[in-house]
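A short worksheet on the structure shown next.
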């Protein structure tokens, strides 16, 4: 525990501090890029990318070991990882465009094949009985213990660069994810933008191999944006929150791992991230499930209030106890069960609103079908003013309005 | 190839000026365009030139390739043959002069954006790489929302808007682009009457400002009210020209075949026969 807090406060030695900062930067960058991978609905491809790194790592190790006797050099291994991941992405792309297979089928095929090749190569390496091969398993599940200072520095700088690139391209990536054909019609090179997005993702996967491991690196790109999505409906805020969650989750995970060197760092980071996800899912006021439950509670009360007031407007008795108590609490009904003056006037307002809603649903069944909040909010809050005006005119046609002459069959 | 004399291409025939000069006056010209999905032709050798400063409906039966025509002309989908010129220049170099409104169903409306965010996307080209929308850009986007009657919904999440409202936002985004040629894919699909009215008003304003507007349109009953010109497709070019001379029972029969009841045809072409 003591060690954990020491690591958390960056006072467990220079090396550990550097590893934790590197992890935080990695988490921030992957959270940011993950937002666009999620919005582009391509989370699966990141799985293919990460698994496709394994043969590259193994081959790079063999070549470096046999020819240069330096199999553990991180840049060499990462270069190999990037190369084979790149080939994996191109393979998925090729299958998708040249056959009638869907992307998920292509991803499934490429992912498992590349991983299989990687595992075979790893077994071969183990049988070669060469020194330094023990470090290779760290690429599967992530290991920060024993990470060199230069390695941590490489990871930090590379992650910061990727994060910066994502922020600078945020506008164009949003456009690509929301409306690809509009982006293309505006003259953006959509193919190239898409490639840039994948390249940055690939960069994160490769950088994160050592810290989180290839099996779990995808979680670092997916969980932060998914958790962040509970909190906001704006892209820039989403990127900021996802980066924040990614950074703090990775930082805490790395600190935990420093105090428990036998635990896989990747697993710890993902568990911390998952706890962020659960908290977001529960308590976010925007899209969380507690907020949804509260909203449902309010929704139910609005329904009861509205139906109670409509009953008053139609001179019908209000029988349901919940409706009666809501009406009473709002001052719309007296203790004797009779509507108050306030209740009467409110009932007339609601009745008119309801008539407009009914008319709208009659005139545009398709439109209103897709519309939330119909009959629940005043119609003017949900529909544009001109639409409401048409409805009002329809409801009381004798009220002639200037400048609103309708053109034949259009209305 | 019928009715060629009444299309925008008449400039090529009627005037004695050189071809180069007159082709620069043609806002949107497509030549011999063929598109196929998996070896099944959707459009076959379509040539067309949009009349400048006019409001033109692209009509034809389901599967006639109306949307495909716009997408292929813009280079959004691969084509087997054909090319597009905008004021005499290749389309790839002229995309800034065109505003495209995709079908509303083409995007996921759960995307984290507000109405004004979407309109601002129409200004990204002007804003440029590595820069953010300024107060000036936001004001312009707000003006565009106002012209489609959506100013009160600027900060509403787009998923909470009705179909008609979403369509208006798309239209506002195209207005923000301030282009010379507007290509719209079914802007009237599934919208309420007030929205339809608002969209028609905007289209008329665009034409009054000298813009060239092409609209994929479904409802034959409103063609005569809304448009001055039509392009009739059914996989091939059937006819194009002014509504009065081209929107005839004969041409509609050619495009729709037996799918259009003869009584319907009588009603639609009554005005031109009278």
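Read-outs: derived from the displayed coordinates by stated rules, not from any lab. Remember, it's a predicted structure, so these values are computed and weren't measured experimentally. Note that each Cβ is placed from the backbone with ideal geometry, even for glycine, and that neighbours are counted across all protein chains shown.
In the protein assembly as shown, the ratio of gyration radius to Kirkwood radius, Rg to Rh, stands at 1.06 when only Cα atoms are counted.
Each peptide in A:24-31, B:139-146 receives the mean, over its residues, of other Cβ atoms within 10 Å, and ordering these scores from highest gives A:24-31, B:139-146.
Restricted to Cα atoms, segment A:125-223 shows a radius of gyration and a Dmax of 17.7, 57 angstrom. Extending 7 Å from Cα along the Cβ direction at residue A:4 and again at residue B:218 yields two label points whose distance is 5.8 nm. Remark: mean inter-chain Cβ contacts per residue of B:155-161 equal 3, using a 10 Å Cβ-Cβ cutoff to other protein chain atoms. Per residue, the Cα convex hull of segment A:182-289 amounts to 108 Å³. Quick one: check the C-alpha center-to-center distance for segment A:181-217 versus segment A:236-285, whole angstrom. Here the answer is 22 Å between Cα centres. Of A:146, A:334, A:266, the residue with the greatest mean-square motion in the GNM of chain A, using alpha carbon springs below 10 Å, is A:334. A Förster radius of 45 Å combined with the Cβ-Cβ distance from residue B:127 to residue B:24 puts the calculated FRET efficiency at roughly 0.95. Look at where the Cα atoms of segment A:10-35 and of segment B:243-257 average out, and the two centres are 68 Å apart.
For chain B, a Kirkwood radius taken over Cα pairs fed into Stokes-Einstein (4 °C, viscosity 1.567 mPa s) yields D = 67 µm²/s.
If R0 is taken as 25 Å, the Cβ-Cβ distance between residue A:298 and residue A:381 corresponds to a FRET efficiency of 0.95. Rounded to the nearest 10 degrees, the inclination of helix A:385-395 to the longest alpha-carbon principal axis of chain A is 30 degrees. For chain A, the longest principal axis of the alpha carbon atoms and the long axis of helix A:149-168 meet at an angle near 30°. Neighbouring Cβ atoms from other chains, within 10 Å of the Cβ of residues in A:170-182, number 6 on average. Projected onto their three principal axes, the Cα atoms of segment A:1-43 cover extents of 42, 19, 11 Å, largest first.
Look at the Cα gyration tensor of segment A:1-112: its axes a ≥ b ≥ c give a/c of at least 1.5 with a/b at or below b/c, and that counts as oblate. When you count the other C-beta atoms within 10 angstrom of each residue and take the mean per peptide, A:212-224, A:103-115 line up highest first as A:212-224, A:103-115. Sorting B:56-64, A:186-194 by average packing, meaning the other beta carbons within 10 Å per residue, from highest down gives B:56-64, A:186-194. Per-residue ellipticity at 222 nm for the protein assembly as shown, helices alone: DSSP H runs ≥ 4 residues times -39500 (n - 2.57), over residue total, nearest 500 deg cm²/dmol? Theoretical 222 nm ellipticity from helices: -18500 deg cm²/dmol.
The angle separating the long axis of helix B:262-273 from the principal Cα axis of greatest extent in chain B is about 90 degrees. Peptide B:142-150 shows a mean partner chain C-beta count of 1 within 10 Å per residue C-beta. When chain A is treated as a GNM with alpha-carbon contacts under 10 Å, the residue of A:287, A:195, A:306 showing the greatest mean-square fluctuation is A:306. Result for chain A in a Gaussian network model with C-alpha springs under 10 Å: among A:207, A:269, A:379, the largest mean-square fluctuation is at A:379. Per the Debye calculation on segment B:128-266 with a single equal scatterer at every Cα and no solvent contribution, log₁₀ I(q)/I(0) for q = 0.10, 0.17, 0.22 Å⁻¹ amounts to -0.43, -0.99, -1.38.
Based on Cα atoms of chain A, Rg over Rh with Rh as the Kirkwood radius reads 1.17. Report the residues of segment A:246-263 in range of a label on residue A:148: point 7 Å along Cα→C-beta, backbone N strictly under 11 Å from it. It comes to no residues whatsoever.
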